[in-house]
1. Of the peptides 489-497, 23-31, 76-84, 321-329, how do they stack up when ordered by the mean number of other Cβ atoms within 10 Å, highest first?
2. Sort I92, I510 by heavy-atom solvent-accessible area, probe 1.4 angstrom, most to least.
3. In percent, what relative contact order does the chain have, based on Cα pairs under 8 Å that are 6 or more apart in sequence?
4. Applying 1/(1 + (r/R0)^6) with R0 = 45 Å to the Cβ-Cβ distance of R175 and H87, what FRET efficiency is obtained, to the nearest 0.05?
5. Please list R169, R629, R458, R175 in order of solvent-accessible area, largest first, computed with a 1.4 Å probe with all protein chains present.
6. Write down the Kirkwood hydrodynamic radius of the chain, to one decimal in angstroms, obtained as one divided by the mean of 1/r over all alpha carbon pairs.
7. Amide H to amide H, which residues 5 or more places from T540 or on other chains are under 5 Å from it, using H placed in the peptide plane?
8. Once you have all Cα-Cα distances for the stretch 325-423, histogram them in 10 Å bins from zero and send the whole-percent values.
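The values are calculated or read from the model by the stated rules, or taken from the named source; none is laboratory data. It should be emphasised that the depicted structure is a prediction, and the values quoted were computed from it without experimental measurement. Heads up, the Cβs are rebuilt from the backbone with ideal geometry, glycines too, and the neighbour counts pull from every protein chain shown. Ligands, DNA and RNA are excluded from the accessible area calculation, which covers all protein heavy atoms including side chains. Shrake-Rupley method; radii C 1.70, N 1.55, O 1.52, S 1.80 Å.
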Amino acid sequence: MTGPVGILLRTILLGVVTGSVYALASTGLVLTYKASGVLNFGYGAVAMFTAFVHWQLAAGWGLPVWLSAMIVVLVVAPLLGLLLDTHLFSRIQSQPMVIAVIATVGLTVLLQGIVFLVWGAESHRVPSMFPRAAVPLPGGAAIGADQVAIFVVAAGAAGLLAAMFRFTRLGVSFRAVVDNRPVAGLMGIDTGRVSGVAWALGTSFAALTGILLTPETLLDPNFLPFLVISNVLGAAIVGYLRSLPLAYAGGLLVGILQSIIIQYGRPQGFLVNLKDAVPFLIVVGAVLAAPKALRLAGLGASFVVRTREVAGAASPRARAPVATAVFGGLALVPLLAAGSPSWVISVTRGMVMGIVFLSLVILTGYSGQISLGHTAFMGISAFTAAHLAADLGVPVGIAAVAGALAAVPAGAAIGAIAVRLHGLFLALMTLGLAYVAQTMFFDNTSISRGLSGFPLPRPPGTSGDRPFFYIVLLALAAAALLASNLRTGRTGRVLAAMRDSETASRALGINVFKYKVVIFALSALMAGAGAILASMQTGTIGQRDFYPFLSLFLVTIAVVGGIFHVGGAIVSGMLFGLYPQVFGNVEIMGRLQYLLFGMGATLALARNPEGLFGELRRAGVALLAATARRRRPRAGPVPVAGGRE
């Protein structure tokens, strides 16, 4: 009979085992961040991809499990890390923070696309390298021998890294670059070489993390990347992405807390949800408690947008005809596609998402505030509207307006907090709050009604696809007009000044607090309105419709389309809505969807931060210039003295 002491001891040890794997991964994440200045949100996807390679070698081709693990950790992973450093991360180090963040999110989509293409989306059981015999503990409890071995391997890898830092010349160079990269470069240290080695080591740690975790959690390409990165971020933030020992301690802390909650929490209820939220509760708490120098510096983040501007900004006279042509063309879609309702539905979906992407344009593109938590605003609005309509009998139209307004206080609260935070810390805090909102509220069946979904009907008279199409078109036009006027007016100039330098803005007497609260509240209102319209189109709201990491993919698509322009939001929406319609019957394009979006958010984005809209705008300007040259009359003969030519 296992006693309370034995249960507690086993619980803590199991937490230490899992935590040691998170600690190893967080060490690799911090190492690459400090060496290159890029926080890799795709770290979990790297662990997933290398784990699939390990599964292929061991389960598919019959190699011994230990040999397969060594090949992946010591050969495949370092080569992948060097490839990523030379072709992606070294190119985005000087880009705005949002570009660096989204490029790493795009890496997640890219690696998932490769896995879906090669191995499919099914889960796989990965063989363990270690025996599963029981090891007795005091108090009558027992722990698996494989758990003990996992702890030994994870702790041993971290110990080898510490020894390299302490006793080798390369380790001294590492410490110099980690402490101060610019000064290390002035001292003659090859920071590029150090960065490459750091990415090789960090990717090896990610591979080892995946190999150690997947025998227990299954190898699931949809689940594993986010399991790893969520727990690793919570661990790494304990040391504020600077201290490797504190990052390791943070991993142990996350593992122990989760193990205790699993053991002593009820099978269903508050504590079970709290277990999933632990890493992001740590993120939010640590970010808000960060020293002022770190909070205001945003860990060195900058959002000075350096994009290739076309010859002269688009004039107001050019914007009006283009906008008229775009919205006029959209208005004709139901007439041109009268015999194909699927096209009307797809364009409607694209316009709805265009409203959501506009909320990101005004927040991130205009003011430089990086939010990775927009799904929280979307969920608040959609569930509020649904409860008002279904439970209180409020007319659907009024419920929709009230639901959109319900996100405003949440946005304003985040804006008030954003005064204390900059850059990367703000991004992590908003992602953490979105995850807390999902696990603590949206997963609550009294709010979301579980997996069965929550009905949200359309307003009376718009139950058909065509009437609803025009309602969405009007909403998109209003949101686009608001965003355009916001940029060209005084508020837009103030936001641009804040984006470039908040310190200089304060010196000019600008009330930064007021404008941050206003822009976050307005962005939340737009995102909430888009979420309500999206739920009305499908007729229901699902428990997982607003999963936190969806925010990362939304920002990724917004950046690919062009997050600095109103037109970029519309391009992003059409990209989101029309891709399944255009390529739905082409099997290979469906399988390549993740791969193409991932490439757009990594390789293409590293070369062109303005996204697809920037390319379209440049092409349009070049076409107009060429047309103007053809129409320009040629100069006649120049008369010479005497009247002869």
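1. On the way: 489-497: 16.1, 23-31: 29.2, 76-84: 19.9, 321-329: 12.3.
Going by the mean number of other Cβ atoms within 10 Å, highest first, we get 23-31, 76-84, 489-497, 321-329.
2. Details: I92 0, I510 35 Å².
Accessible-area ranking of I92, I510, largest first: I510, I92.
3. Values: 1066 pairs, mean separation 136.3, N = 645.
Here the relative contact order equals 21 percent.
4. Numbers: r = 27 Å, r/R0 = 0.59.
Computed FRET efficiency for R175 and H87 comes out at 0.95.
5. Working: R169 210, R629 145, R458 45, R175 95 Å².
Of R169, R629, R458, R175, the descending order of accessible area is R169, R629, R175, R458.
6. On the way: mean 1/r = 0.0380 Å⁻¹.
For the chain, the Kirkwood estimate is 26.3 Å.
7. HN-HN under 5 Å from T540: L456.
8. 13, 32, 30, 21, 4, 0
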